[in-house]
Amino acid sequence: DAGVIQSPRHEVTEMGQEVTLRCKPISGHNSLFWYRQTMMRGLELLIYFNNNVPIDDSGMPEDRFSAKMPNASFSTLKIQPSEPRDSAVYFCASSPTGGNSPLHFGNGTRLTVT
Amino acid sequence: TQLLEQSPQFLSIQEGENLTVYCNSSSVFSSLQWYRQEPGEGPVLLVTVVTGGEVKKLKRLTFQFGDARKDSSLHITAAQPGDTGLYLCAGGYSGNTPLVFGKGTRLSVIA
């Protein structure tokens, strides 16, 4: 079991650039979650998918953020254009059945926008 | 307003001491999960409690779910440097509603 795989681990970009974060969930898990973590706000749920379909995107901060899950083994979170306040660690997590079943997290992408 | 309040936010103790951290809410949860997160890594599940009053033990860690299923505590006996990390609690509801996370307690155990 390779676990949830995220790439890149670190991303440094300039304000205004497009950023794409990638996630491969655990095979067989049918729910996928994107979180953002900062010291001030803790772990915030951005969006989650069930069977590749977005169920709740109310946590997406604004239209600059978008997420897709084209198939069961891949998801992206895109920020366009990026801003310094987007700097955070972004986590992807998957779970077997969604809802309140335990989450398996990736090791995150640390995003710095200058 | 944070749905799940964790206290204390920060805790620094000496190796061998005991400690308790708390997770409180005004909401009733169908389950409560505890995770530990180490620097540079994602959170890792420690335990899930589902019954009011339930106590679970994981080596030196003891987890308790409140009788009313609104709060939980984590007690660590004889803390070790390897226990250092961010401890997060997460409340679960029935159905497809995703977990709600607290902001965590950042524990540092000094040798």
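The values are calculated or read from the model by the stated rules, or taken from the named source; none is laboratory data. This structure is a prediction, so every number in the text was calculated from the model and none was measured. Positions of Cβ are backbone-derived with ideal geometry, glycine not excepted, and every protein chain shown enters the neighbour counts. When the accessible area is computed, the model is the full protein with side chains, heavy atoms only, and any ligands, DNA or RNA have been set aside. Shrake-Rupley method; radii C 1.70, N 1.55, O 1.52, S 1.80 Å.
Residues in the stretch A:101-111 that are open to solvent by less than 40 Å² (accessible area, probe 1.4 Å) and over 11 Å from the mean Cα position of the chain (by Cα) were compared, and the one that is farthest from A:MET40 (Cα to Cα) is A:SER101.
Scanning the stretch A:6-24 for residues that are over 11 Å from the mean Cα position of the chain (by Cα) and of a type outside the set (Lys, Arg) turns up A:PRO8, A:HIS10, A:GLU11, A:VAL12, A:THR13, A:GLU14, A:MET15, A:GLY16, A:GLN17, A:GLU18, A:VAL19.
Condition check: in contact (Cβ under 8 Å) with a residue 12 or more places away in the chain, within 15 Å of the chain's Cα centre (by Cα), farther than 28 Å from B:VAL47 by Cβ and away from every other protein chain (no Cβ under 14 Å). Does A:THR114 satisfy that? Taking the combined requirement at face value, the residue does not satisfy it. Under the condition of being buried (at least 19 other Cβ atoms within 10 Å of the Cβ) and under 18 Å from A:THR20 (Cα atoms), the residues counted in the stretch A:38-59 number 5.
Can A:GLU11 be described as of a type in the set (Asp, Glu), outside any loop (DSSP other than H, G, I, E, B) and within 11 Å of chain B (Cβ to nearest Cβ)? No: the conditions fail for A:GLU11. One residue alone among B:GLU54, B:GLU41 is open to solvent by less than 60 Å² (accessible area, probe 1.4 Å) and among the acidic types (Asp, Glu), and that residue is B:GLU54. The lone criterion from (1) modelled with pLDDT under 95; (2) within 14 Å of another protein chain (Cβ to nearest Cβ) left unmet by A:PRO61 is number (2). Please go through the stretch A:74-96 and pick out each residue that is more than 14 Å from A:LEU111 (Cα to Cα) and in contact with a Ser or Thr (Cβ under 7 Å, 6 or more places away or on another chain). Selection gives A:THR76, A:SER94, A:SER95. I'd like the residue in the stretch A:14-37 that is over 24 Å from A:PRO96 (Cα atoms) and open to solvent by less than 40 Å² (accessible area, probe 1.4 Å) and, out of all such residues, is farthest from the other protein chains (Cβ to nearest Cβ). Looking at residues that are over 24 Å from A:PRO96 (Cα atoms) and open to solvent by less than 40 Å² (accessible area, probe 1.4 Å), I get A:GLY16.
This table checks each residue for (1) modelled with pLDDT of 95 or more; (2) part of a loop (DSSP other than H, G, I, E, B); (3) out of contact with any Gly (no Cβ under 9 Å at 6 or more places or on another chain).
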residue: B:GLU17; (1), (2), (3): yes, yes, yes
residue: B:SER26; (1), (2), (3): no, yes, yes
residue: B:TYR35; (1), (2), (3): yes, no, no
residue: B:LEU46; (1), (2), (3): yes, no, yes
residue: B:PHE63; (1), (2), (3): yes, no, yes
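The residue that is modelled with the highest pLDDT, among those in the stretch A:83-100 that are surrounded by fewer than 17 Cβ atoms within 10 Å (Cβ to Cβ) and within 24 Å of A:SER31 (Cβ to Cβ), is A:PRO96.
Counting only strands (runs of 3 or more DSSP E) that sit completely within the stretch B:65-111, those holding 1 or more residues that are surrounded by fewer than 22 Cβ atoms within 10 Å (Cβ to Cβ) and away from chain A (no Cβ under 14 Å) correspond to B:71-76, B:105-110. The residue of the stretch B:25-64 that is nearest to B:SER108 (Cα to Cα), among those that are within 14 Å of another protein chain (Cβ to nearest Cβ) and acidic (Asp, Glu), is B:GLU38.
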